[in-house]
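I have placed the structure first, in the form of structure tokens, so that the comments after it can refer back to it.
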Amino acid sequence: MASATILRPTSVDLKELTAWGLESLNKAKFTFDTHTTVATVLTVVISLLIYEQVNYRAKKAHLPGDKWTIPVIGKFADSLHPSLEKYKKQWYSGPLSAVSVFNIFIVIGSSNEMARKILNSPNHAEPCLVAAAKKVLLPTNWVFLHGKEHADYRKALNVLFTKKALSHYLPIQERIYREFFAKWMSDPSPAHPYMMKMRDLNMETSLSVFVGDYVTPAQKQEINDKYWLITVALELVNFPLALPGTKIWNAIQARKLVMKYLTAASAESKIRMEDSTNEPSCLLDEWTRAMILSRAGTAEGDREQVKLLSREFSDHEIAMVILSFLFASQDAMSSAIVYAFQLTADHPDVLAKIREEQYRVRGGDLDRPLTLDLLDEMVYTRAAVKEVSRLMPSVIMVPYLTTKAFPITPEYTVPKNSMVIPAFWNSLHDETVYPEPDSFKPERWLPTAEGAEPLAESKPQNYIVFGSGPHKCIGQQYAYMHLAATLGTASVLMDWQHARTKDSDEIQVVAAIFPKDELHLRFTPLAPPS
């Protein structure tokens, strides 16, 4: 029997074996640590996602709305391409309903009672416009103030919308209308989109009324071009971070440019208005002169208003106010003008009545300057304007933020730091107040044949086109004047044909609402009445 050979490891073999063992242990430890880390991360992520759903369900309670929210983004995808039909579905689901976007919990009040309660509850909610608004319009802007500070600001600014002030703005407006209408009538092209051209008319009017010649034509054009970046950034929902290239970042750059021009305009106005022989030529001058007279003790009017105006508003403060006026007037007024032209083109009987009234109150003189007294006589024209605003409200909702738990009904409390949004559509299309609510009927605002008050006027609480409560639009009378003057002047100077498309009745929602096809029109001169 052969003897077995016994192999003994050398020192080299022992070193290699040890190294191999340590390497294997490290690999095993790394694999274990990796698996543990992945498992931990997954556990945390899953826990957060579950918490998100539980939190959403707890906040939503019994309100109509999706039972579950899409993780993290919620309804963000829908908000990228907002649809009026989807909004209507939400509004008609109940007086209150809930939704979540980017973990922002949102309660929508769509009945008149709920919408008005939100608008009239400053102790529980403050306007935030949209999530990006403070970044774009600046957090110190007066529109974000509340309580006494906001009330005092409004009292001071009311001096800009008195009858005397409005009468100074009217000639400026009429000059611009006629300039734009002449361009439109001279265009031989077939019908094409006029939405942006009407926006240009409105921006030129706003800038000329607000800051006059303190901003040059080139600067006005630059503001006009850049302000659209602010408009698209103030949609209800946008990507929340102001990263380069995003809508919010672009809007902030645009705001900086606009503020530079408005701040300089304020400084120039203060110098010009110190000379008492210079008459105010724009809203900015009206404000500056009122401040100068208040400080000198020679201002007329309400004592409290005089006291509020006597303080020195800085050029930056004044510029922020004008910036907010541009925001309030630009998109909402552009929308109203667009729909005024579309609806009157689609209802030639209404346009004929507006035209007849205009010939009558102007005494057949188409060059007769407009005055506030003439506008007061345009009863049917103003009814048509009011009906445009009711049927196609430029602003369909205004977001607020709850500052504390808001017991909006006995059964439901909106949590603190939630967005709560009054929606206006249902109030303005309530068939008990506005029979045939989807029809364009200016007559609904006129006294009956027997002289009785019209049904539409009997429920003023439903007409919340300009909001309600402490933040109700301060420029309501200016808006009515602007729309009636635009439509009235247009009706006697030109005719317009609407080339309808498949998207004419579809609505796109930007900051305001517009026809999806951007309103295809063609204008032609109108022969004067014989």
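The values are calculated or read from the model by the stated rules, or taken from the named source; none is laboratory data. On a predicted model such as this, the values are computed, not experimentally measured, just so you know. In this analysis, Cβ positions are derived from the backbone assuming ideal geometry, glycine residues included, and neighbour counts consider all displayed protein chains. Calculation scope for accessible area: heavy atoms of the full protein, side chains included, ligands and nucleic acids excluded. Shrake-Rupley method; radii C 1.70, N 1.55, O 1.52, S 1.80 Å.
What are the pairs, 6+ residues apart or on separate chains, where a residue within segment 214-226 that is open to solvent by 70 Å² or more (accessible area, probe 1.4 Å) has its Cβ under 7 Å from a residue that is in a helix (DSSP H, G or I) and not acidic (Asp, Glu)?
Pairs found: Lys226/Ala254; Lys226/Leu257; Lys226/Val258.
If you check Tyr434, Tyr400, which single one turns out to be more than 30 Å from Asn55 (Cβ to Cβ), crowded, with 20+ Cβ neighbours inside 10 Å and among the hydroxyl-bearing types (Ser, Thr, Tyr)?
Tyr434
Would you say Tyr169 is modelled with pLDDT of 95 or more, open to solvent by less than 10 Å² (accessible area, probe 1.4 Å), touching a His at 6+ places or on another chain (Cβ under 9 Å) and farther than 28 Å from Glu279 by Cβ?
No.
Restricting attention to helices (runs of 4 or more DSSP H) lying wholly within segment 339-391, give those where 1 or more residues are open to solvent by less than 10 Å² (accessible area, probe 1.4 Å) and among the polar types (S, T, N, Q).
Filter on segment 339-391 gives 348-361, 379-391.
Taking segment 450-505 only, how many residues are within 23 Å of the chain's Cα centre (by Cα), part of a loop (DSSP other than H, G, I, E, B) and either basic (Lys, Arg) or surrounded by fewer than 15 Cβ atoms within 10 Å (Cβ to Cβ) (or both)?
3
Kindly establish whether Lys75 is open to solvent by less than 70 Å² (accessible area, probe 1.4 Å), touching a strand residue (DSSP E or B) at 6+ places or on another chain (Cβ under 7 Å) and at pLDDT below 75.
Numbers: open to solvent by less than 70 Å² (accessible area, probe 1.4 Å): yes; touching a strand residue (DSSP E or B) at 6+ places or on another chain (Cβ under 7 Å): yes; at pLDDT below 75: yes.
Yes: the conditions hold for Lys75.
Go through Arg178, Arg154 for me and flag whichever is surrounded by fewer than 20 Cβ atoms within 10 Å (Cβ to Cβ) and modelled with pLDDT under 95. Full working, then the answer.
Values: Arg178 fails: modelled with pLDDT under 95.
Criteria check complete, one pass: Arg154.
Which members of segment 506-530 meet the condition of being open to solvent by 50 Å² or more (accessible area, probe 1.4 Å) and aromatic (Phe, Trp, Tyr)?
none
I need a count of the residues in segment 294-312 that are surrounded by 14 or more Cβ atoms within 10 Å (Cβ to Cβ) and free of Cβ contacts under 8 Å to residues at least 12 places away in the same chain.
1
For segment 164-201, which positions are of a type in the set (D, E, K, R), part of a helix (DSSP H, G or I) and more than 22 Å from Phe327 (Cα to Cα)?
Selection gives Lys164, Arg175, Arg178, Glu179, Lys183.
Test Ile271 against the criterion of being among the β-branched types (Val, Ile, Thr) and without any contact (Cβ under 8 Å) to a residue 12 or more places away in the chain, and give yes or no.
Taking the combined requirement at face value, the residue satisfies it.
Pairs only if they're at least six apart or on different chains, beta carbon under 7 angstrom, first in segment 387-403 and farther than 20 Å from Lys459 by Cα, second hydroxyl-bearing (Ser, Thr, Tyr) and open to solvent by 10 Å² or more (accessible area, probe 1.4 Å); list them, first residue then second.
Nothing qualifies.
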